[in-house]
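Before any comments, here is the structure.
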Amino acid sequence: MSNDYNVLRAKSPFLFRRRAVSLRKMKSMFYIGLGMQLFGLTAVGLCFISGIRQGDYGRLELLQLVIGSFVFYIGNYLKGRSQN
């Protein structure tokens, strides 16, 4: 098995370099997705707390809720995509 690996590596050394680059790209995409999830969750949490304090949701809170949810789900998609 290791002999086949060495032959393949000798024939195409750039294949293994590309794989390492794609792994780094996937790792960075994971952390970007995680950051987006945290940002979205924080935005929705602040909207929730503001609505409880004021007793009513205004346009700003509604916009914050929609954008926060959208960012959270985009981050969830990116994070899940990087783990495949």
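When the residues of the stretch 66-79 are filtered to those that are aliphatic (A, V, I, L, M) and at pLDDT 90 or above, the one that is nearest to the chain's Cα centre (by Cα) is I74. Selection of first residues in the stretch 20-40 that are assigned to a helix (DSSP H, G or I) and of second residues that are modelled with pLDDT under 70 and surrounded by 13 or more Cβ atoms within 10 Å (Cβ to Cβ), restricted to Cβ pairs under 7 Å at least 6 apart or on distinct chains, gives an empty result. Among the residues of the stretch 52-65, just one is acidic (D, E) and either at pLDDT 85 or above or surrounded by 15 or more Cβ atoms within 10 Å (Cβ to Cβ) (or both), namely E61. Within the stretch 22-51, the residues that satisfy the criterion of being modelled with pLDDT of 85 or more and of a type in the set (A, V, I, L, M) are M29, I32, L34, M36, L38, L41, A43, V44, L46, I49.
Taking the criterion of being hydrophobic (A, V, I, L, M, F, W, C) and touching an Asp or Glu at 6+ places or on another chain (Cβ under 9 Å), the residues of the stretch 47-84 that qualify are C47, F48.
The values are calculated or read from the model by the stated rules, or taken from the named source; none is laboratory data. If you're wondering where the values come from, they're calculated on a predicted model, not measured in any experiment. Every residue, glycine among them, receives a Cβ derived from its backbone with ideal geometry; neighbour counts consider all protein chains shown.
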